[in-house]
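Student: One structure coming up, written as structure tokens, with questions to follow.
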Amino acid sequence: MPSLVVFRHILRGMPKQRLNVFLLKTLLLIKPGTQRAQRERAQAESEIRELLAKQAGAAEARRQLEQFQITRSRFFQEPQRFGRPEPIIELDVVNGTQAAISRAYFRGTIASPGRQVPWLSESFNYSIRGGLEPGESASWRLSPNMFSAWGNVSAPDDALFTVEVYRLDGPDGEALYDATGLDDFERSRLKTLQERFGG
């Protein structure tokens with residue numbers, strides 16, 4: 001098979017009219033369907049790289065989030081003089097990261113030992129007044145909306161409340177560490193694209 005250099009030399013040696021005919025025939029060999037398929041593959045490969053990067057970023061974020069410790073978590077319904085009880089979340093945390101935190105995002109789960117399905121699993125977040133500097137600790141008492149799922153949950157006495165942090169925002173309000181990862185649609189999309197286009 002001739003090298004690219006030899007091929008270029010042949011093209012330079014062709015008379016102009018013959019060269020135009022050769023190029024026209026070459027272009028005619030490239031079918032529109034082929035061009036569309038190439039564009040589709042390029043788009044799919046770009047999307048695969050983007051989804052894999054998001055997946056990898058979430059895995060790295062989870063490692064960083066391990067430095068943000070939740071040392072105590074409690075959930076209870078506090079009786080009120082009038083009306084329904086008020087849901088209360090109490091958290092003790094330590095910022096073991098190397099950055100100041102302005103907002104923290106959590107997922108709280110209320111579950112009984114031995115039961116596979118929790119009574120409640122809901123996300124919540126807290127904007128930290130003055131932020132939380134590296135090495136600082138804090139105790140928070142949060143009051144979720146009593147008309148939300150937190151106010152309607154009914155769990156037995158043996159239920160335990162566990163909390164995990166999945167995102168931390170820095171002083172500028174932008175995400176420092178975000179372990180959200182791919183949602184169900186994105187996971188399905190990635191699997192489909194990889195099966196069809198590889199990657």
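Student: I'd like to check which strands (runs of 3 or more DSSP E) are fully inside segment 33-112 and have at least 3 residues that are of a type in the set (S, T, N, Q).
Tutor: Correct list: 68-78.
Student: Considering segment 120-139 alone, what residues qualify as being over 25 Å from the mean Cα position of the chain (by Cα), of a type in the set (S, T, N, Q) and exposed (fewer than 12 other Cβ atoms within 10 Å of the Cβ)?
Tutor: Matches in segment 120-139: Ser139 only.
Student: If the requirement is being within 25 Å of Glu60 (Cβ to Cβ) and more than 22 Å from the chain's Cα centre (by Cα), which of these qualifies: Val117, Val94?
Tutor: Val94
Each row is one residue, and each column tells you yes or no for (1) among the charged types (D, E, K, R); (2) assigned to a loop (DSSP other than H, G, I, E, B); (3) surrounded by fewer than 16 Cβ atoms within 10 Å (Cβ to Cβ).
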{"position": "Ser154", "(1), (2), (3)": "no, yes, yes"}
{"position": "Asp157", "(1), (2), (3)": "yes, yes, yes"}
{"position": "Tyr166", "(1), (2), (3)": "no, no, no"}
{"position": "Asp172", "(1), (2), (3)": "yes, yes, yes"}
{"position": "Gly181", "(1), (2), (3)": "no, yes, no"}
{"position": "Phe185", "(1), (2), (3)": "no, no, yes"}
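Student: While we're on this one: From the list Ile110, Ile101, which one is assigned by TED's automatic domain parsing to the domain that holds Asp169, surrounded by 17 or more Cβ atoms within 10 Å (Cβ to Cβ), touching a Leu at 6+ places or on another chain (Cβ under 7 Å) and farther than 26 Å from Leu176 by Cα?
Tutor: Ile110
Student: Okay, next question. Among the numbered criteria (1) out of contact with any strand residue (DSSP E or B) (no Cβ under 6 Å at 6 or more places or on another chain); (2) free of Cβ contacts under 8 Å to residues at least 60 places away in the same chain, which one does Tyr126 miss?
Tutor: (1)
Student: Is it the case, given these coordinates, that Thr162 is touching a residue at least 24 places away in the same chain (Cβ under 8 Å), surrounded by 12 or more Cβ atoms within 10 Å (Cβ to Cβ) and assigned to a loop (DSSP other than H, G, I, E, B)?
Tutor: It is false that Thr162 is touching a residue at least 24 places away in the same chain (Cβ under 8 Å), surrounded by 12 or more Cβ atoms within 10 Å (Cβ to Cβ) and assigned to a loop (DSSP other than H, G, I, E, B).
The values are calculated or read from the model by the stated rules, or taken from the named source; none is laboratory data. This structure is a prediction, so every number in the text was calculated from the model and none was measured. Using ideal geometry, Cβ is built from the backbone for each residue, glycine included, and neighbour counts are taken over all protein chains shown.
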